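Single-structure report; data block below.
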Amino acid sequence: MTQIIDGKKISAEIKDELKEQAAAYRDRGKEICLAVIQVGDDPASCVYVRNKKKACEYIGIRSLSYELPGETTEAELLSLVGELNARADVNGILVQLPLPEQINEEKVLNAISPLKDVDGFHPMNVGALCIGKKGFVSCTPAGVIQLLKRSGISISGKECVVVGRSNIVGKPMSLLLLRENGTVTVAHSRTADLKEVTRRADILVVAVGKPRMITADYVKEGAVVVDVGIHRDENNKLCGDVDYASVSPHCSAITPVPGGVGPMTIAMLMKNCVESILLQETYTDEADCP
Ligand code: NDP
């Protein structure tokens, strides 16, 4: 029987744990605060921002909302980020991507204090992950680790293959699996024989951005398959990078789309917000961090 990994249930559990932690901080007179900046009115971004604010409300995190017009300049946005970096009452800063084309995304993300970078995109946090230091970890790959652990799937000693090497999913995913003592291979668009590589995996994480690309012939019998992809198919139905119907009968466990990795991303963002207090208490000066 294939185990269906329930991201909805696991993310709800995590949010309930965070709610308790946030309440405990409040009892000690500390309110957690996340600043969310959106530039323009991209419809998908509006949905993501709304969901993030809803999650904050549920957990008891104060959210500050900055909805800036699409014509906002890079200098204006950098100035707001600078202000929020300096505010002691703001623990996390999130700039919703994508940004309009007149703004250099990298410059803005790098301007966020690494101590408030709850998305985990700042080079200092990425570097901290690389060398095993404390810091914020990119939310989606951190969510995958939680899904595996909370489903009773051990990573240590397993052959792990990650398909995709993006900075926000594939690369941090491979580092996290390595941190959990997996034996990790990263495959990408130049991998010579992808099927040969993916068929070695005990744990296969797919973040390729191609609807239903991974079919049963890419998967070893009994593997655990984690599908990070999210797409709308020709019938406007949500689907992942994995062809769920053909792959699931061959797996020991699999994440569905929707209801697998998706709900974990916001839960892990909230976890980063709650943990930001601890990081900020440990490293008061950005120069020491992490
Ligand atoms: P990117 O497009 O940035 O990266 C895709 C990666 O897949 C690249 O490294 C690319 O290789 C590799 N790739 C592309 N085609 C092939 C191929 N034919 N064979 C092997 N490798 C290939 O995507 P992201 O990492 O940002 O996202 C991946 C998926 O995850 C998307 O579907 C996205 O929507 C989803 N996603 C879901 C989230 C969630 O919360 N559930 C959050 C973030 C993303 P190369 O580097 O060589 O070009």
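The values are calculated or read from the model by the stated rules, or taken from the named source; none is laboratory data. Owing to the predicted nature of the structure, the values given are computational and were not obtained by experimental measurement. Note that each Cβ is placed from the backbone with ideal geometry, even for glycine, and that neighbours are counted across all protein chains shown. Note: areas computed on protein heavy atoms with side chains; ligands, DNA, RNA excluded. Shrake-Rupley method; radii C 1.70, N 1.55, O 1.52, S 1.80 Å.
Numbers below:
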quantity: Enumeration of residues in the range 33-67 that are surrounded by 19 or more Cβ atoms within 10 Å (Cβ to Cβ) and closer than 12 Å to Q102 by Cβ; calculated: V39
quantity: Pairs with Cβ under 6 Å, 6+ apart, first in the range 42-71 and without any contact (Cβ under 8 Å) to a residue 40 or more places away in the chain, second open to solvent by 80 Å² or more (accessible area, probe 1.4 Å); calculated: R62/E31
quantity: Residue within the range 73-90 that is among the hydroxyl-bearing types (S, T, Y) and under 24 Å from A12 (Cα atoms) present; calculated: no
quantity: Subset of the range 189-210 (residues that are under 14 Å from V224 (Cα atoms) and within 11 Å of the ligand (Cβ to nearest atom)); calculated: T198, V205, V206
quantity: The listed residue being open to solvent by less than 70 Å² (accessible area, probe 1.4 Å), assigned to a loop (DSSP other than H, G, I, E, B) and either free of Cβ contacts under 8 Å to residues at least 12 places away in the same chain or in contact with a helix residue (DSSP H, G or I) (Cβ under 9 Å, 6 or more places away or on another chain) (or both), out of G209, G143, G135, G127; calculated: G135
quantity: So L176, is it surrounded by 17 or more Cβ atoms within 10 Å (Cβ to Cβ), more than 9 Å from the ligand (Cβ to nearest atom) and touching a residue at least 12 places away in the same chain (Cβ under 8 Å); calculated: yes
quantity: Yes/no for G7 being in contact with a helix residue (DSSP H, G or I) (Cβ under 6 Å, 6 or more places away or on another chain) and among the small types (G, A, S); calculated: yes
quantity: Residue within the range 248-267 that is touching a Phe, Trp or Tyr at 6+ places or on another chain (Cβ under 9 Å) and more than 11 Å from the ligand (Cβ to nearest atom) present; calculated: yes
quantity: Residues (under 17 Å from G7 (Cα atoms), part of a helix (DSSP H, G or I), touching a helix residue (DSSP H, G or I) at 6+ places or on another chain (Cβ under 8 Å) and open to solvent by 10 Å² or more (accessible area, probe 1.4 Å)) located in the range 212-264; calculated: G262, P263
quantity: Subset of the range 99-120 that is open to solvent by 10 Å² or more (accessible area, probe 1.4 Å) and part of a helix (DSSP H, G or I) - its residue that is nearest to A86 (Cα to Cα); calculated: A111
quantity: Residue count for the range 146-173, restricted to those that are under 26 Å from C273 (Cα atoms) and either open to solvent by 30 Å² or more (accessible area, probe 1.4 Å) or not in a loop (DSSP other than H, G, I, E, B) (or both); calculated: 14
